[in-house]
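Below you'll find the structure, written out as structure tokens, and then a few comments.
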Amino acid sequence: MNEIYYSWSNGNTERIAKQLAEKTGADLARIDTAEPYKGSHEDVVAQGKREVETGFMPKIKPLDADISAYDVIAIGTPTWWYTMVPAVLTFTGKTVIPFMTNGGWPGHVIKDVKANCKGADFAHEMQIRFDSMGKDHLETPESEIEEWVEKVKQELR
């Protein structure tokens, strides 16, 4: 399995991605935009809103993984304006395990991932909540995350 994720700000999505990769033995690849987001948290939130509203897809740096070599891909994204981050790639013909982090407003991220990954099969979707102030305090019980990780591990066997 390969795990692809995008994370900004407090690194909450990265934290969950690394936990999943460590427990499942998955390869891990981070999505980075070619032009990094700059400014304050409020500046980036405003830019993210504009990107979501206009359907803008920022250029990304090449991934450190050959996605075609994997049949199962976990995709992690924070919630930006009720959907996935525009930098998250789309994948077809794979089994996708979508997971997302949010600060209390999950929006329609999982639904949007599914809509953008035409032809993919989906398994073990998960939303993980952190505090609503954009910080890194985990509010989803760790036991729920561990249970989800175990289900993903079983999928890989």
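FYI, it's all coordinate maths here, none of it is from the lab. In this text the structure is predicted, and so the values were computed from the model without any measurement. As a convention, Cβ positions derive from the backbone with ideal geometry for all residues, glycine included, and neighbour counts pool all protein chains shown.
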Computed lengthening from K118 to E144, 0.36 nm per intervening residue step minus Cα-Cα distance: 6.5 nm
³J(HN,Hα) computed for each position of the range 29-41 - Karplus, 6.51 cos²θ - 1.76 cosθ + 1.60, integer Hz, glycine/proline x: 9, 9, 8, 10, 6, 4, 10, x, 5, 10, x, 6, 4
Protection proxy ranking, peptides 109-116, 79-86, average beta carbon neighbours within 10 Å, highest first: 79-86, 109-116
Nonlocal amide H pairs with I60, under 5 Å, H built at 1.01 Å: A34
Within the chain, helix-based [θ] at 222 nm, where runs of 4 or more DSSP H residues each add -39,500 (n - 2.57), nearest 500: -10000 deg cm²/dmol
Counted charge near G48, where neighbours are those whose Cβ lies closer than 13 Å (Asp, Glu -1; Lys, Arg +1): -1
Whole-Hz ³J(HN,Hα) from phi, Karplus 6.51 cos²θ - 1.76 cosθ + 1.60, for the range 77-88, glycine and proline x: 8, x, 8, 10, 6, 6, 9, 6, 5, x, 6, 5
Entry for P(r) over Cα pairs in 5 Å bins from 0, in percent (calculated from the structure that is shown) out of (i) 2, 8, 17, 21, 21, 17, 9, 4, 1, 0; (ii) 1, 7, 12, 12, 11, 13, 12, 9, 8, 7, 5, 3, 1, 0; (iii) 2, 9, 19, 24, 22, 14, 7, 2, 0: (iii)
Built amide H within the under 5 Å cut-off of I128, gap 5+: M100, T101, N102
Distant-in-sequence amide H partners of A74 (H built 1.01 Å from N, under 5 Å): N2, E3, I4, I97
Paramagnetic reach from W81 in the range 7-25 [backbone N under 19 Å; point 7 Å along Cα→Cβ]: 7-9
Aspartates and glutamates whose Cα lies under 18 Å from that of K38, excluding same-chain neighbours fewer than 8 positions away: E51
Neighbour net charge for K23 - beta-carbon separation under 9 angstrom, K R +1, D E -1: -2
Relative packing of 121-132, 55-66, which averages over residues the other C-beta atoms within 10 Å, highest first: 121-132, 55-66
Nearest-0.05 FRET efficiency for K38 and K59, computed from C-beta distance (R0 22 Å): 0.90
Relative contact order of the range 65-157, defined on C-alpha pairs under 8 angstrom at six or more residues apart (%): 24
Relative contact order %, the range 1-150, counting alpha carbon pairs below 8 Å whose residues are six or more apart: 22
Peptides ranked, highest mean first, by Cβ atoms within 10 Å: ranges 94-105, 16-27, 140-151: 94-105, 16-27, 140-151
